[in-house]
1. Anything in segment 164-177 that is surrounded by fewer than 22 Cβ atoms within 10 Å (Cβ to Cβ) and at negative phi? List them, or say none.
2. Taking the condition in a loop (DSSP other than H, G, I, E, B) and either at pLDDT 95 or above or not polar (S, T, N, Q) (or both), does residue 268 pass?
3. How many residues are closer than 22 Å to residue 29 by Cα and of a type in the set (Gly, Ala, Ser) if we restrict to segment 49-87?
4. Out of (1) surrounded by fewer than 18 Cβ atoms within 10 Å (Cβ to Cβ); (2) of a type outside the set (Phe, Trp, Tyr); (3) farther than 21 Å from residue 177 by Cα, the odd one out for residue 325 is which?
5. Report yes if some residue within segment 268-285 is under 27 Å from residue 45 (Cα atoms), in contact with a His (Cβ under 8 Å, 6 or more places away or on another chain) and surrounded by 15 or more Cβ atoms within 10 Å (Cβ to Cβ); otherwise report no.
6. What single numbered condition from (1) of a type outside the set (D, E, K, R); (2) over 29 Å from residue 75 (Cβ atoms); (3) surrounded by fewer than 20 Cβ atoms within 10 Å (Cβ to Cβ) fails to hold for residue 228?
7. Specify which of the listed residues (134, 125) is among the hydroxyl-bearing types (Ser, Thr, Tyr), within 16 Å of the ligand (Cβ to nearest atom), under 15 Å from the mean Cα position of the chain (by Cα) and more than 23 Å from residue 281 (Cβ to Cβ).
8. For residue 241, which of the numbered conditions (1) near the ligand (Cβ under 9 Å from one of its atoms); (2) touching a helix residue (DSSP H, G or I) at 6+ places or on another chain (Cβ under 7 Å) fails to hold?
Amino acid sequence: RETAKQAGTSEPEKRVAATPASVKMLLGEGYSVVVQAGAGVNADISDAEFEEAGATVLQGAKAVANAADILLKVRPPTLGEVGMMKEGTVLMSLIHPAQNKELVAKLQAKNITCFAMDQMPRTLSRAQSYDVLSSMANIAGYRAIVEASGRFGRFFAGQFTAAGKVEPAKVLVIGAGVAGLAAIQQAHNMGCIVRAFDVRAACKEQVVAAGAEFLEVKIEEDGSGDGGYAKEMSKEFLEAEMELFRSQCAECDIVITTALIPGRPAPKLITKAHVDGMKPGSVIVDLAAETGGNVETTKPGQVYEYNKVTHVGLSLYEHMPSQMPAQASFLFGNNLAKYILSMGPKKHFYIDFDDVPTRGALITMGGESMWPWSPPKPA
Ligand code: NAD
């Protein structure tokens, strides 16, 4: 059962790392599953449903830690929770090792074999089945549009009614990674006119396929960096894209920002002056809020109004997945169960160091640090 509080709120984590569906997947390959009592309550899964799926429900974290050889969690464990684990336990969870050095040292000292799901190599297509970051970003992109539509005082799709013609809402999506593409797709499905911008030229095709116009600036600079992620852009490029956003913000009703650079603060792309130029009733959803936000007027973790523009500062990984805890748990649980099964059925569970998704997420084992790790260069 998750205990960690969400950043910026007093809400507990609502997701759970297994569901009846993922339990059945594991039981089918010879594993037995124990679940802490109440673990699924915030994701609308009762203890009885876990039991019907074949799991055994145990009272308290200590009992689960004692019983489990492989322990599944959503949030990084607290130091106290690591203290409860048996030496040699296999842990699969979000960890964020760069930000949680003390936790990694404790996992190492406790001889935990830890797979940090946030370290899954993402460019390998087979790893997509285990990629919790993509599952969560997909939810966040969808949810950003749902949040925006709920707070927008007009229709999204255009209509011809007896009372008059209604124009479709115009949506601008900045950053076309996993969350941005999900937002484009959802806004397109809801009948909006969608425009999108990204520094990586490679995503143009995906943007168009998802239903948006791909906006461009007249500067030759590609933002593709390591591992398919973006690199930091030159000052000239950022100025050019911000100039583009000035006119787009004045025209668009909904702005969704998702621009992130690994290990760096989110680039500030929408200034207070841009927001001052927006129409009353417009909505901004800043999914980059957890690393400072792409929008100067965002308040991370908060929903508020500035200049009659609603600002939704609910971030991609921190807040949005917990807005849809049942869906997020289903996908998270499936990612973890598939990952375990990729290492074999119960009788043949095996950690293969030559398997990139296995080795890539492994951060501690046998009292050693196994992180950071880079995949071998293709011959
Ligand atoms: P992310 O969350 O790190 O960033 C979101 C987007 O913001 C990225 O598309 C990035 O290019 C963009 N961005 C950064 N700076 C910007 C700026 N100044 N202006 C506009 N846009 C900016 O990205 P992500 O969604 O985690 O995905 C990153 C990459 O990893 C993508 O190429 C994605 O396709 C790839 N990926 C691959 C797989 C796979 O093949 N298995 C799975 C997941 C992700």
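The values are calculated or read from the model by the stated rules, or taken from the named source; none is laboratory data. On a predicted model such as this, the values are computed, not experimentally measured, just so you know. Quick reminder, even Gly has a Cβ in these numbers, built from the backbone with ideal geometry, and neighbours come from all protein chains shown.
1. Narrowing segment 164-177 to residues surrounded by fewer than 22 Cβ atoms within 10 Å (Cβ to Cβ): 164-168, 170.
Matches in segment 164-177: 165, 166, 167, 168, 170.
2. Working: in a loop (DSSP other than H, G, I, E, B): yes; either at pLDDT 95 or above or not polar (S, T, N, Q) (or both): yes.
For residue 268, the condition - in a loop (DSSP other than H, G, I, E, B) and either at pLDDT 95 or above or not polar (S, T, N, Q) (or both) - is met.
3. Qualifying residue count for the region: 6.
4. (1)
5. The first filter runs over segment 268-285 and keeps only residues under 27 Å from residue 45 (Cα atoms), leaving none.
Checked against the condition, which is being under 27 Å from residue 45 (Cα atoms), in contact with a His (Cβ under 8 Å, 6 or more places away or on another chain) and surrounded by 15 or more Cβ atoms within 10 Å (Cβ to Cβ), segment 268-285 yields no hits at all.
6. (2)
7. Details: 125 fails: under 15 Å from the mean Cα position of the chain (by Cα).
After ruling out the rest, the residue left standing is 134.
8. Result: residue 241 fails condition (2) only.
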